Amino acid sequence: PRTDAAAADLASFGLLGSAPCFVAAMKQVQCFADTKAHVLVHGETGTGKELVARAIHYLGPRRYKPFVPVNCGALPDNLMENELFGHARGAFTDARESQPGVVGGADGGTLFLDEIECLSLKGQVALLRFLQDGVYRPLGARCEIQSDVRVIAASNRDFGEMVSDGSFRQDLLYRLAIMSLNLPPLRARSADIPVLVRHFIGRFA
């Protein structure tokens, strides 16, 4: 049956469980995989946000294109635009060669922005501009570049609270949350613990 095949597909990404809240979330994952829309994933640490992002990418039409994961918490603010959009040769003192950023590297595929709450307000503006037009300009370049990238962003913080306290732009939230998913913590699906135990014993023993 299709449901069994879908469960097997998800299990190959380490997404295991039969608790109703988990099954409901996985049905959303399967639906999201068939679309091109950006996705916002919320869940506590350890709920499998990157596993979900990989499943959405590799079960969808972009599976043969790059999946590029980026931890926004590791992006220094002064290098953020360079990391995202790259630079042209001579853009700054050490720029001996042009270099594509992660947006260019993910062209045709998926860019996974984990811990997106760590992106500075300046970085959020730059990302919003790209999401609006699908074009970007590497540092020091004269021409803009078109890039077809699906963005999946994830956070363990509540986006509504971040918008309220001013740390996250509401217009960026609207652009990203075309489709959104909340992943349940393990305490909400305790019946799945034996399944996960067997999986990890089989993997590591």
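The values are calculated or read from the model by the stated rules, or taken from the named source; none is laboratory data. Because the structure is a prediction, the values reported are computed rather than measured. Note: areas computed on protein heavy atoms with side chains; ligands, DNA, RNA excluded. Shrake-Rupley method; radii C 1.70, N 1.55, O 1.52, S 1.80 Å.
Of Phe67, Phe13, Phe112, the residue with the greatest mean-square motion in the GNM of the chain, using alpha carbon springs below 10 Å, is Phe13.
Computed over region 145-205, the quotient of the alpha carbon radius of gyration and 2.2 N^0.38 Å is 1.69. Each of Phe204, Phe130 has its accessible area taken with a 1.4 Å probe; listed largest first, they run Phe204, Phe130. Looking at the chain alone, DSSP beta bridges between its own residues are antiparallel in about 15 percent of cases.
What residue among Arg175, Arg189, Arg150 shows peak mean-square fluctuation when the chain is described by a Gaussian network model with Cα springs under 10 Å? Looking only at Arg175, Arg189, Arg150, the biggest GNM fluctuation is shown by Arg189.
Between region 103-123 and region 25-41, what is the separation of their alpha carbon centroids in Å? Region 103-123 and region 25-41 have Cα centres spaced 17 Å from each other.
When log10 I(q)/I(0) by the Debye sum over Cα atoms at q = 0.08, 0.09, 0.13, 0.15 Å⁻¹ is calculated for this entry, the matching label among [x] -0.26, -0.33, -0.71, -0.96; [y] -0.39, -0.47, -0.75, -0.91; [z] -0.31, -0.38, -0.75, -0.95 is [z].
Taking Cα atoms only, the orientation of helix 49-58 departs from the longest principal axis of the chain by about 80 degrees. The value given for region 116-158 is a Kirkwood hydrodynamic radius of 11.8 Å, derived from the mean inverse Cα-Cα separation.
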